[in-house]
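The structure appears right after this line, and notes come after that.
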Amino acid sequence: MDLENKGAEISARNEKYLRHLQGLVQILSVSSVNDEHTDWSRFDELHQYLQTTYPMIYQKLELTVIGKASLLFRWPSENPDRKPVLLMAHQDVVPAGREEQWSHPPFAGEVEDGFLWGRGSEDCKSLLSAEMDAVEELLEEHFKPSFDIYLSFGHNEEVQCTPDKKGSILAAEYLKRNGVELACIFDEGGNIIDNESGVRAEVALAEKAPNEFVLYKDGDGGHASRPGKGTVLGDIARAAAAVEEHPMPYRLTPLVKAFLKAEARFKDKKTAKVYRHPGKHFKKLKKLAAKDRTLDAMLHTTFAVTMAEGSAQANVLPSHAEATMSVRILQGDTVESVKKYLESIISEGVLVKVPFAENPKRAGSTDSDVYELLCDTIHEVYGEKTAIVPKLMLGASDSRNYAEVSPAVFRFSGRVKTPKWGEAHQVDERMPVDKLYMPVDFFKTFLGNYNK
Ligand SMILES: [Zn+2]
């Protein structure tokens, strides 16, 4: 095919993918911690939309609805001789926030300046539609997989809720109950980064475990006119300050080391030297981390004091005070070890409880056949020069809940991120439309390569 025809073919495909994604963005599938606050008719609408947009998938794949509204599709192989592959995304989005701050209405799906604007355009409906488009096209092309292909789309990724309600936990349990052992999983978390320093594929092989810790203290309360030596809220404030003044010590995990080494070539000469041998130049690395929040978060378990509570009225001494911290636990620490650490730095009388506790899952390996296949596929689709950067994801995704059914969890979406991409959860979230075909190509190519 000559270049002109190829260009025309790509733009026709992009137009199709854009239409599919646009329809998804226009559906207000906002999740909420409280099921009663969720408008479930929006999820029904989304399911109906998927059925009309991807008719082959609904004809040929088995569909199980998990929990309230999560979807699990299975494309059964006629002659399975290898482990299944699972493609993931989530259906829900966070609220739009203050709509007047958006330059385009958050759920209109408007296209302007080469972007599709709207809540969920990036996080994570463009991944959901790319995976559906890839599988729909493979069905149209009579692809015959020698392995089962699963698609799993959670309905409440964006909210912290109990395990019996979390769609991804229920779906992983369902797979486990049915004896399914996966070869690998793909989910959000890493993208193709294309900027002036070059092209790289970020593949997140682990994520930090999100926890909620609470510092609390009870007292006698009383009238605010006779406070004596202070209040329990004051004690909590001092405890919170102590936590900020005593961060956990920096250390290097094997994955972060691999990340720094791969990332070195994109850094200036001085930084590159440190990144290439982070163990040897650990002191310098610590200095860099002090000025770089992202690097800082990779090197230790972090504490963010986010909420505080005392008395309900100004003239009443608090009988209970507490401060909530978002704690992101790094591989190597546990809920127990972090709790012990906190207890060692806060003053007596202040206690620690952990309402949302979760230990970090083991990091995936770069030393496996399926990782090698992933790297080969990335080079095939995005070019030989694409650098592959294994990384630690600092936020959390649904995919960590599948650790028991898959040894390889690739948080890699195949989407191409340019500097103008709007960030997830922010005002003016947006997705460039000219590269929509690339994740579709990536998933099709990977599944084809795995089938060989
Ligand atoms: Zn997401």
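The values are calculated or read from the model by the stated rules, or taken from the named source; none is laboratory data. Values in this document were obtained by computation on a predicted structure and should not be read as measured data. In this analysis, Cβ positions are derived from the backbone assuming ideal geometry, glycine residues included, and neighbour counts consider all displayed protein chains.
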Inset, instruction - Assess whether residue 40 counts as being surrounded by 15 or more Cβ atoms within 10 Å (Cβ to Cβ), in the same structural domain as residue 119 (by TED's automatic domain parsing) and not hydroxyl-bearing (Ser, Thr, Tyr). - result: no
Inset, instruction - Report yes if residue 111 is away from the ligand (no atom under 16 Å from the Cβ), hydrophobic (A, V, I, L, M, F, W, C), in contact with a Pro (Cβ under 9 Å, 6 or more places away or on another chain) and touching a residue at least 60 places away in the same chain (Cβ under 8 Å), otherwise no. - result: no
Inset, instruction - Among residues belonging to region 157-177 that are in contact (Cβ under 8 Å) with a residue 12 or more places away in the chain and surrounded by fewer than 16 Cβ atoms within 10 Å (Cβ to Cβ), point out the one that is farthest from the ligand (Cβ to nearest atom). - result: 176
Inset, instruction - Would you point out which residue out of 187, 235, 218 is modelled with pLDDT of 95 or more, loosely packed, with under 15 Cβ neighbours inside 10 Å and in contact with a strand residue (DSSP E or B) (Cβ under 6 Å, 6 or more places away or on another chain)? - result: 218
Inset, instruction - For region 422-452, enumerate the residues that are of a type in the set (A, V, I, L, M, F, W, C) and either more than 25 Å from residue 136 (Cβ to Cβ) or within 16 Å of the chain's Cα centre (by Cα) (or both). - result: 424, 427
Legend entry - region 8-53, subset of a type in the set (Val, Ile, Thr) and part of a loop (DSSP other than H, G, I, E, B), residue farthest from residue 118 (Cα to Cα): 33
Legend entry - Segments classed as strands (runs of 3 or more DSSP E), wholly inside region 63-155, with at least 1 members that are touching a Cys at 6+ places or on another chain (Cβ under 6 Å) and assigned by TED's automatic domain parsing to the domain that holds residue 167: 85-90
Legend entry - Residues that are over 15 Å from residue 226 (Cα atoms) and in a strand (DSSP E or B), drawn from region 304-322: 304, 305, 306, 307, 308, 309, 320, 321, 322
Legend entry - Where residue 65 falls short, out of the listed (1) without any contact (Cβ under 8 Å) to a residue 60 or more places away in the chain; (2) of a type in the set (Val, Ile, Thr); (3) crowded, with 19+ Cβ neighbours inside 10 Å: (3)
Inset, instruction - Report yes if some residue within region 94-110 is closer than 29 Å to residue 402 by Cβ and either basic (Lys, Arg) or crowded, with 23+ Cβ neighbours inside 10 Å (or both); otherwise report no. - result: no
